[in-house]
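The values are calculated or read from the model by the stated rules, or taken from the named source; none is laboratory data. Since we're looking at a predicted model, the values are computed, not measured. As a convention, Cβ positions derive from the backbone with ideal geometry for all residues, glycine included, and neighbour counts pool all protein chains shown. Each accessible area value is taken on the protein alone, full model and side chains, heavy atoms only, with ligands, DNA and RNA left out. Shrake-Rupley method; radii C 1.70, N 1.55, O 1.52, S 1.80 Å.
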Amino acid sequence: MKLIKYMSLVVAVFAMGSCGDSVLELDNLGTQTSEIYFNDPENALAGLNACYSSVSKDEYFVYGDIMSDDALKGGSDLFDWVDREYIRMFTANSGNSVSSGTWSLLYTAIVRCNEIVNSLPTATFDEELKNRIIGEAKFLRAYSYSKLVALFGPVPLVKADYSVDNLVEPRSSEAAIYEFIKTDLSEAIVALPEASRYAANDLGRATKGAARALKARVLMQESSYHYNSALEVSGYPVSTAEIWDEVYELTKDVIESGEYTLASNFATIFEEEGENNEESIFEIQHKTTNNDWGESVGNTTIVQMGNRDDWGWCFDLPTDALYNTFGSADPRRECAIYGQEFNVLYGVEQIWDKQEWTLSHESTKDLVSACRLNRKYALATENRHGNHNNQPNNKRVIRYADVLLMHAEAAYYKGLEAEARTYVNKVRSRAESSTYPLGSTIGQTTAFTYDVYPGASVAPITDTGADLLSAIWKERRMELAMEGIRYFDLVRTGRTDLLPAKANYEAHAGLLPLPVGDVNTFGLEQNKGY
């Protein structure tokens with residue numbers, strides 16, 4: 001059973017006012033404090049589920065894919081959801097609805113997590129459960145801050161519960177934010193159990209392995225202040241040697257835990273059978289319900305990436321640069337991308353009339369020579385819910401393959417090139433033995449099968465030196481294609497020349513605008529160039 005994260009946080013933070021010099025300073029007996037409310041384990045779990053709910057609406061592909069060289073915005077034309085195009089080109093203003101929505105989403109998660117973290121220490125129910133709930137909340141809070149600092153830079157570091165008398169928080173330095181994230185994750189690693197120790201009905205909760213993997217990812221992201229000169233941060237010395245040492249140890253711990261292994265067939269990972277599989281380290285759980293859009297626990301992004309001539313809105317379009325990276329003998333290409341070159345989806349031949357504008361428009365024609373879409377999050381006709389914003393697919397946030405490639409990169413920087421090649425080749429070996437995705441033959445619209453990929457060849461790498469590092473980066477691009485990773489990889493490694501608009505990116509010091517409402521209300525300093 002999946003962990004379904006749909007409950008709203010029902011606890012309000014009340015200002016427990018003092019009466020100054022009054023003789024009577026009585027508590028408001030009609031108010032239930034968060035400490036009292038969360039002293040019930042069922043209430044504590046309900047509040048925690050609300051934290052998961054806040055991150056479930058994350059439109060990962062807008063930032064990780066569309067802001068990179070892997071994908072175009074798409075849509076019915078250039079001005080369809082144009083705020084996404086402004087983000088892609090770093091021409092957004094402080095009223096941008098997309099970046100403002102993400103800001104609000106992540107701070108909602110943070111405020112909810114704070115309520116859990118700050119209220120539960122005094123709870124008197126089972127100590128192990130209490131510590132686990134706090135650990136999960138710290139994991140989710142760290143996850144939220146890791147997105148905020150990467151996109152917006154020095155953001156307000158909200159740690160205390162808000163009240164009507166406490167609604168202002170200044171921006172904190174990137175160094176302070178990263179230190180806070182790493183502390184949260186270190187404490188989560190201690191508090192959380194391994195995946196195998198969870199009961200079946202808790203499937204999908206944050207685990208010790210997830211906290212280790214996320215901390216490794218955060219550390220690699222922090223290294224961007226060394227490798228990326230566009231990030232104008234003074235007084236923040238980053239020790240890359242220490243970072244890579246810790247990434248190496250964290251990923252080694254995940255590998256040696258015995259909790260995870262690569263799925264034998266890459267093609268299965270993003271099918272329904274691949275949800276929470278042996279390779280899954282953390283997934284955002286989704287399930288189709290009858291709720292309205294705002295209350296749905298379904299995936300709201302799936303329809304956005306579908307074919308407008310079939311079912312969908314045609315966003316997140318793979319570029320020629322990504323498609324050609326794979327070569328013609330890597331089965332992962334067809335598992336990640338379908339389109340005019342691989343023109344079948346669950347047995348149905350596709351039509352592309354409503355996407356062909358991208359082949360001739362000045363803004364896109366040099367980046368795509370064929371219509372394409374993201375195959376990883378596609379749905380067969382019978383699995384599409386009538387409410388477009390309520391689909392069942394889980395979002396794969398961290399996979400074991402990512403951990404192996406993080407470990408390989410850390411090994412490279414530690415001078416362990418043979419070990420780095422070994423872990424890259426584990427991923428490549430699995431790729432070579434994989435198949436076409438389900439329904440790869442036109443007319444096979446039921447009883448889908450995984451058909452053999454003839455001539456599959458993903459040879460082991462033998463590179464050394466700088467070529468080895470390039471090979472690791474290339475492998476990450478192919479293995480994790482269209483999973484919301486690429487932009488953050490380019491930024492952390494300083495390869496800003498590959499971004500869609502390098503000059504605009506640098507003019508804004510690599511940061512998106514803070515929402516104008518919060519800038520004006522709380523007196524926050526706006527990011528450069530906005």
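Among the residues of the stretch 242-278, the ones that are of a type outside the set (D, E, K, R), within 20 Å of Leu192 (Cα to Cα) and part of a helix (DSSP H, G or I) come to 5 in all.
If you check Glu349, Glu334 for being of a type in the set (D, E, K, R), over 22 Å from Val458 (Cβ atoms) and at pLDDT 95 or above, only one passes: Glu349.
Okay, residues lined up against (1) among the aromatic types (Phe, Trp, Tyr); (2) free of Cβ contacts under 8 Å to residues at least 40 places away in the same chain; (3) outside any helix (DSSP H, G or I); (4) open to solvent by 40 Å² or more (accessible area, probe 1.4 Å):
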position: Glu334; (1), (2), (3), (4): no, no, no, no
position: Glu341; (1), (2), (3), (4): no, yes, yes, yes
position: Trp357; (1), (2), (3), (4): yes, no, no, yes
position: His361; (1), (2), (3), (4): no, no, yes, yes
position: Leu379; (1), (2), (3), (4): no, no, yes, no
position: Arg396; (1), (2), (3), (4): no, no, yes, no
position: His407; (1), (2), (3), (4): no, no, no, no
position: Gly415; (1), (2), (3), (4): no, yes, yes, yes
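Screening the candidates Asp58, Asp69, Asp77 for the property of being under 19 Å from the mean Cα position of the chain (by Cα) and farther than 30 Å from Ala199 by Cα yields one hit, Asp69.
Of everything listed in (1) closer than 23 Å to Asp489 by Cα; (2) surrounded by fewer than 16 Cβ atoms within 10 Å (Cβ to Cβ); (3) not β-branched (Val, Ile, Thr), the single unmet condition for Ser196 is (1).
Here is a yes/no grid of residues against (1) of a type in the set (D, E, K, R); (2) under 18 Å from Phe180 (Cβ atoms):
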| site | (1), (2) |
| --- | --- |
| Leu214 | no, yes |
| Arg217 | yes, yes |
| Trp244 | no, no |
| Glu249 | yes, no |
| Ser257 | no, no |
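From the list Ala213, Ala206, the lone residue that is closer than 14 Å to Ala401 by Cα, in contact with a helix residue (DSSP H, G or I) (Cβ under 9 Å, 6 or more places away or on another chain) and surrounded by 22 or more Cβ atoms within 10 Å (Cβ to Cβ) is Ala213. Screening the candidates Pro170, Pro121, Pro156 for the property of being open to solvent by 40 Å² or more (accessible area, probe 1.4 Å) and in contact with a Pro (Cβ under 9 Å, 6 or more places away or on another chain) yields one hit, Pro170.
Of all residues in the stretch 391-407, those satisfying the criterion of being modelled with pLDDT of 95 or more and of a type outside the set (Lys, Arg) are Val397, Ile398, Tyr400, Ala401, Asp402, Val403, Leu404, Leu405, Met406, His407. Here Glu275 fits the description: open to solvent by 10 Å² or more (accessible area, probe 1.4 Å), on the phi < 0 side of the Ramachandran plot and within 20 Å of the chain's Cα centre (by Cα).
Taking the stretch 124-140 as the region of interest, how many residues are assigned to a helix (DSSP H, G or I), surrounded by fewer than 20 Cβ atoms within 10 Å (Cβ to Cβ) and of a type outside the set (Asp, Glu)? Show your work before the answer.
Step one: filter the stretch 124-140 for residues assigned to a helix (DSSP H, G or I), giving 127-140.
Retained after the next criterion (residues that are surrounded by fewer than 20 Cβ atoms within 10 Å (Cβ to Cβ)): 127-129, 131.
Of the ones still in play, those that are also of a type outside the set (Asp, Glu) are 129, 131.
The total comes to 2.
hydroxyl-bearing (Ser, Thr, Tyr), at pLDDT below 95 and buried (at least 20 other Cβ atoms within 10 Å of the Cβ): is that true of Thr319 in this structure? Even if it seems obvious, please write down each step before you answer.
Numbers: hydroxyl-bearing (Ser, Thr, Tyr): yes; at pLDDT below 95: no; buried (at least 20 other Cβ atoms within 10 Å of the Cβ): yes.
It is false that Thr319 is hydroxyl-bearing (Ser, Thr, Tyr), at pLDDT below 95 and buried (at least 20 other Cβ atoms within 10 Å of the Cβ).
Inside the stretch 497-526, residues that are surrounded by fewer than 19 Cβ atoms within 10 Å (Cβ to Cβ) and within 23 Å of Phe315 (Cα to Cα) make up a count of 4.
Any idea which residue in the stretch 159-201 is nearest to Leu219 (Cα to Cα), counting only those that are of a type in the set (Asp, Glu) and at pLDDT 95 or above? First the steps, then the outcome.
Of the residues in the stretch 159-201, the ones of a type in the set (Asp, Glu) are 161, 165, 169, 174, 179, 184, 187, 194.
Add one more test, that the residue is at pLDDT 95 or above, and what stays is 174, 179, 184, 187, 194.
Numbers: Glu174: 13, Glu179: 10, Asp184: 13, Glu187: 15, Glu194: 21 Å.
In this case the residue turns out to be Glu179.
Residues considered: Thr422, Thr441, Thr449. Of these, the only one that is closer than 30 Å to Lys208 by Cβ and out of contact with any helix residue (DSSP H, G or I) (no Cβ under 7 Å at 6 or more places or on another chain) is Thr422. Out of everything in the stretch 242-293 that is touching a Gly at 6+ places or on another chain (Cβ under 7 Å) and of a type in the set (Gly, Ala, Ser), what residue ends up being farthest from Lys395 (Cα to Cα)? Selected residue: Ser257.
If the requirement is being free of Cβ contacts under 8 Å to residues at least 40 places away in the same chain and either under 25 Å from Arg477 (Cα atoms) or polar (S, T, N, Q) (or both), which of these qualifies: Ser172, Ser68, Ser100? Outline the logic, then answer.
Working: Ser68 fails: free of Cβ contacts under 8 Å to residues at least 40 places away in the same chain; Ser100 fails: free of Cβ contacts under 8 Å to residues at least 40 places away in the same chain.
It is Ser172.
Take the stretch 417-434 and flag every residue that is of a type in the set (Gly, Ala, Ser), in a helix (DSSP H, G or I) and surrounded by fewer than 17 Cβ atoms within 10 Å (Cβ to Cβ). Scanning the stretch 417-434 gives Ala418, Ser429.
When Lys474 is tested against (1) under 26 Å from the mean Cα position of the chain (by Cα); (2) more than 25 Å from Ile269 (Cβ to Cβ); (3) open to solvent by 40 Å² or more (accessible area, probe 1.4 Å), just one condition goes unmet, and that condition is (2). Based on what the data block shows, is Gly274 closer than 30 Å to Pro460 by Cα and without any contact (Cβ under 8 Å) to a residue 12 or more places away in the chain? Yes, satisfied. Can you confirm whether His388 is part of a loop (DSSP other than H, G, I, E, B) and modelled with pLDDT under 95? Considered against the rule, which asks whether it is part of a loop (DSSP other than H, G, I, E, B) and modelled with pLDDT under 95, His388 comes out as yes. Of all residues in the stretch 221-241, those satisfying the criterion of being surrounded by 20 or more Cβ atoms within 10 Å (Cβ to Cβ) and assigned to a helix (DSSP H, G or I) are Gln221, Glu222, Ser224. Residue count for the stretch 73-116, restricted to those that are of a type outside the set (A, V, I, L, M) and not in a helix (DSSP H, G or I): 14.
Of all residues in the stretch 481-493, none satisfies being more than 20 Å from the chain's Cα centre (by Cα), surrounded by 16 or more Cβ atoms within 10 Å (Cβ to Cβ) and aliphatic (A, V, I, L, M).
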